[in-house]
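Novice: Just dropping this structure here.
The values are calculated or read from the model by the stated rules, or taken from the named source; none is laboratory data. None of the values given here were measured: they were computed from a predicted structure. Positions of Cβ are backbone-derived with ideal geometry, glycine not excepted, and every protein chain shown enters the neighbour counts.
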């Protein structure tokens, strides 16, 4: 296991049991970090944590529904108890239900989408960011979406929540700076297990300049950069990671 860019750091990754969150958690573990894998299901996040431990990392799994505001303070206390601190917070958990028209979106679904994609990251960043400042520094990475600037009719609420996440990134970079850096990765589509039903077709017909969708290692490298001291002068930045979609 390499101990180059993340050695000695503790990282908390929400939505870390699959998809991009899993790839980020694995990359951090391979680079020497202690990792807290968070997702809604205890079994799923513990299974990933066990896999990371098999790679030689220290890792734990903690269940949380990030959209549940009332549960987040106790969850953060649990996360800090695991390894004593948090150096990197990755707000990756997200959901993107679609609807044929805005009028078909019910209030409960609207609230759920906003809670997971914006309210939860806001509250987690508020709780962890304050403690990072008190501890002398850290890095917060918000996983956003190209939908924030290229919204489509099928997911207006998701697009709006991710646009809000981008705005929050800039705001909290100033709030928690200079010791805590806050950045976002604005992703296009990626080849992950979550995308299994559509990834091959879109990979062949991608509208991006690179004519393909992203590969897991390509978000891992960006997430490693933003978490490590190599990005010491990067904050309040929205990194667009979409292969060059117009």
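Novice: Here is a list of conditions, (1) in a helix (DSSP H, G or I); (2) under 22 Å from residue 168 (Cβ atoms); (3) more than 16 Å from the chain's Cα centre (by Cα), and residue 81 meets all of them except one; can you say which number that is?
Specialist: (2)
Novice: Oh, and also: Could you grab me the full set of residues in segment 226-239 that are surrounded by fewer than 17 Cβ atoms within 10 Å (Cβ to Cβ) and not in a loop (DSSP other than H, G, I, E, B)?
Specialist: Within segment 226-239, 229, 230 meet the criteria.
Novice: Which is in contact with a helix residue (DSSP H, G or I) (Cβ under 6 Å, 6 or more places away or on another chain) and either closer than 20 Å to residue 28 by Cα or in a helix (DSSP H, G or I) (or both), of 113, 95? Explain how you work it out, then say what you get.
Specialist: Working: 95 fails: either closer than 20 Å to residue 28 by Cα or in a helix (DSSP H, G or I) (or both).
Going through 113, 95 in turn, the sole match is 113.
Novice: When residue 231 is evaluated against the numbered criteria (1) farther than 17 Å from residue 28 by Cβ; (2) touching a residue at least 60 places away in the same chain (Cβ under 8 Å), which criterion, by number, is the only one it fails?
Specialist: Residue 231 satisfies all of (1) farther than 17 Å from residue 28 by Cβ; (2) touching a residue at least 60 places away in the same chain (Cβ under 8 Å) except (1).
Novice: Looking at residue 180, is it in contact (Cβ under 8 Å) with a residue 24 or more places away in the chain, crowded, with 18+ Cβ neighbours inside 10 Å, under 24 Å from residue 84 (Cβ atoms) and touching a strand residue (DSSP E or B) at 6+ places or on another chain (Cβ under 7 Å)?
Specialist: Values: in contact (Cβ under 8 Å) with a residue 24 or more places away in the chain: yes; crowded, with 18+ Cβ neighbours inside 10 Å: yes; under 24 Å from residue 84 (Cβ atoms): yes; touching a strand residue (DSSP E or B) at 6+ places or on another chain (Cβ under 7 Å): yes.
Yes: the conditions hold for residue 180.
Novice: Could you give me the residue pairs with C-beta distances under 6 Å whose first residue belongs to segment 46-68 and is at positive phi and modelled with pLDDT of 95 or more, whose second residue is part of a loop (DSSP other than H, G, I, E, B) and surrounded by fewer than 20 Cβ atoms within 10 Å (Cβ to Cβ) wherever it lies, and which are 6+ apart or on separate chains?
Specialist: If the second residue must be part of a loop (DSSP other than H, G, I, E, B) and surrounded by fewer than 20 Cβ atoms within 10 Å (Cβ to Cβ), the pairs left are 56/1.
Novice: Restricting attention to segment 204-217, which residues are free of Cβ contacts under 8 Å to residues at least 60 places away in the same chain and surrounded by fewer than 17 Cβ atoms within 10 Å (Cβ to Cβ)?
Specialist: Within segment 204-217, the subset free of Cβ contacts under 8 Å to residues at least 60 places away in the same chain is 204-215.
Those that are free of Cβ contacts under 8 Å to residues at least 60 places away in the same chain and surrounded by fewer than 17 Cβ atoms within 10 Å (Cβ to Cβ): 204, 205, 207, 209, 210, 211, 212, 215.
Novice: Scanning segment 134-159 for residues that are assigned to a helix (DSSP H, G or I) and in contact with a helix residue (DSSP H, G or I) (Cβ under 8 Å, 6 or more places away or on another chain), which turns out nearest to residue 216 (Cα to Cα)? Spell out how you get there, then give the answer.
Specialist: Residues of segment 134-159 that are assigned to a helix (DSSP H, G or I), as a first pass: 134-135, 146-148, 156-159.
With in contact with a helix residue (DSSP H, G or I) (Cβ under 8 Å, 6 or more places away or on another chain) added as a condition, the list becomes 147-148, 156-159.
Numbers: 147: 19, 148: 21, 156: 26, 157: 26, 158: 22, 159: 22 Å.
Within segment 134-159, the match that is nearest to residue 216 (Cα to Cα) is 147.
Novice: In addition: Can you tell me which condition residue 243 does not meet? The list is (1) buried (at least 19 other Cβ atoms within 10 Å of the Cβ); (2) within 18 Å of the chain's Cα centre (by Cα); (3) free of Cβ contacts under 8 Å to residues at least 60 places away in the same chain, and all the others hold.
Specialist: Here residue 243 clears every test but (2).
Novice: Yes or no: residue 217 closer than 23 Å to residue 99 by Cβ and either at pLDDT below 90 or outside any helix (DSSP H, G or I) (or both)?
Specialist: On the way: closer than 23 Å to residue 99 by Cβ: no; either at pLDDT below 90 or outside any helix (DSSP H, G or I) (or both): yes.
Here the answer is no, as residue 217 does not meet what is asked.
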